[in-house]
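The values are calculated or read from the model by the stated rules, or taken from the named source; none is laboratory data. Worth saying up front: this structure is predicted, and the values here are computed from it rather than measured. Here the Cβ positions follow ideal geometry from the backbone for every residue, glycine too, while neighbour counts run over all protein chains shown. Just the protein is used for accessible areas: all its heavy atoms, side chains included, with ligands, DNA and RNA removed. Shrake-Rupley method; radii C 1.70, N 1.55, O 1.52, S 1.80 Å.
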Amino acid sequence: MKENITVIIPTHERHHLLFRAIDYYDQLDVSVLIVDSSHSFLDKKLPENIAYMHLPGLPFGEKIYAGLCSAS
């Protein structure tokens, strides 16, 4: 089912909250795309079903659009 559902998580300067979401979505049978506009890169090993896009300084709308274009 991972191929059928992609959850896009937009974030900005909230890495401490992402760790909880990563732990949660690691247990589900879905693909996850984290779209991050933070200035610093997320320094955490991610599970296979979670992808990470680092787009520093990108506005919210453009960040969502980039995530949607990357989702399959």
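Mind checking which residues of segment 30-44 are open to solvent by 50 Å² or more (accessible area, probe 1.4 Å) and either among the hydrophobic types (A, V, I, L, M, F, W, C) or touching a Lys or Arg at 6+ places or on another chain (Cβ under 6 Å) (or both)?
Within segment 30-44, Phe41 is the sole residue that qualifies.
Within segment 1-15, track down each residue that is open to solvent by 60 Å² or more (accessible area, probe 1.4 Å) and either basic (Lys, Arg) or modelled with pLDDT of 90 or more (or both).
Answer for segment 1-15, where residues must be open to solvent by 60 Å² or more (accessible area, probe 1.4 Å) and either basic (Lys, Arg) or modelled with pLDDT of 90 or more (or both): Lys2, His12, Glu13, Arg14.
Could you tell me whether any residue of segment 45-67 is in contact (Cβ under 8 Å) with a residue 24 or more places away in the chain, open to solvent by 80 Å² or more (accessible area, probe 1.4 Å) and assigned to a loop (DSSP other than H, G, I, E, B)?
no
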